[in-house]
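The values are calculated or read from the model by the stated rules, or taken from the named source; none is laboratory data. Only a predicted model underlies this, so the values are computations on that prediction, with no experimental measurement involved. Backbone-built Cβ (ideal geometry, glycine too); neighbour counts: all protein chains shown.
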Amino acid sequence: MYITLFYCIINLDTLELRYCRAGHESGLLLRAQGGEPVLLGQGGMALGMAPAELFDAILDEGRVVMAPGDLLALYTDGVNEACNASGEEFGRERLADALRRHQQEPLAEIIRRIDRYLRQFCTLAPRHDDRALLVIRAR
């Protein structure tokens with residue numbers, strides 16, 4: 001048995017985001033000014049996969065400074081690994097494109113739209129995993 005996680009702390013005064021990823025999907029940071037999404041991939045292996053000494057040795061903390069309007073998306077693999085009837089995965093790129101298209105909308109609307117895209121993409125395909133998506137906008 002193992003568990004994955006993405007842990008982060010946002011300093012609300014400086015907007016510095018410190019994070020660590022233990023086998024979990026990388027976070028996506030979309031800059032308000034545009035450009036390619038920043039993949040937050042620093043981290044290590046899932047909890048419970050190796051002895052504590054090895055886990056501690058490879059765990060790595062990442063840091064990034066957000067700007068007002070930046071959008072952070074944290075999600076489980078049930079989102080990007082959701083498949084359509086042909087077995088094709090939704091994928092991180094589709095997720096990033098959908099987030100980018102609706103980046104300026106209210107957070108609840110972004111979640112609603114991503115959920116709709118996933119449901120449309122996966123029509124007629126059995127669902128094999130749970131899905132969770134958290135979006136945060138820096139102010």
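Whether a residue is more than 28 Å from residue 22 (Cβ to Cβ) and either touching a Pro at 6+ places or on another chain (Cβ under 6 Å) or at pLDDT 95 or above (or both) was assessed, and residue 126 does not pass this test.
The listed residues are 119, 92, 100, and the only one of them that is over 17 Å from residue 25 (Cα atoms) and surrounded by 13 or more Cβ atoms within 10 Å (Cβ to Cβ) turns out to be 100. Right, residue 139: in contact (Cβ under 8 Å) with a residue 40 or more places away in the chain and within 22 Å of residue 17 (Cβ to Cβ) or not? So residue 139 fits the description; yes. The residues of the range 70-86 that are under 17 Å from the mean Cα position of the chain (by Cα), of a type outside the set (Ser, Thr, Tyr) and either modelled with pLDDT under 95 or not in a strand (DSSP E or B) (or both), listed by number, are 70, 77, 78, 79, 80, 81, 82. Candidates are the residues of the range 87-139 that are part of a helix (DSSP H, G or I) and small (Gly, Ala, Ser); the one that is farthest from residue 10 (Cα to Cα) is 91. Flag: residue 134 matches the condition of being of a type in the set (A, V, I, L, M, F, W, C) and either in contact with an Asp or Glu (Cβ under 6 Å, 6 or more places away or on another chain) or under 25 Å from residue 16 (Cα atoms) (or both).
Of the residues 22, 50, 57, which is out of contact with any Phe, Trp or Tyr (no Cβ under 7 Å at 6 or more places or on another chain) and in a loop (DSSP other than H, G, I, E, B)? It is 50.
Entry remark, the range 2-24: residues being surrounded by fewer than 17 Cβ atoms within 10 Å (Cβ to Cβ), of a type outside the set (D, E, K, R) and in contact with an Asp or Glu (Cβ under 9 Å, 6 or more places away or on another chain) number 3 in total. For the range 1-33, the set of residues classified as without any contact (Cβ under 8 Å) to a residue 24 or more places away in the chain and out of contact with any strand residue (DSSP E or B) (no Cβ under 6 Å at 6 or more places or on another chain) consists of 11, 12, 13, listed by residue number. Return yes or no: is residue 58 closer than 16 Å to residue 132 by Cα and surrounded by fewer than 15 Cβ atoms within 10 Å (Cβ to Cβ)? No; evaluated as a whole, the condition is false for this residue. Residues in the range 25-47 that are in contact with an Asp or Glu (Cβ under 8 Å, 6 or more places away or on another chain), assigned to a loop (DSSP other than H, G, I, E, B) and more than 15 Å from residue 67 (Cβ to Cβ): 25, 42.
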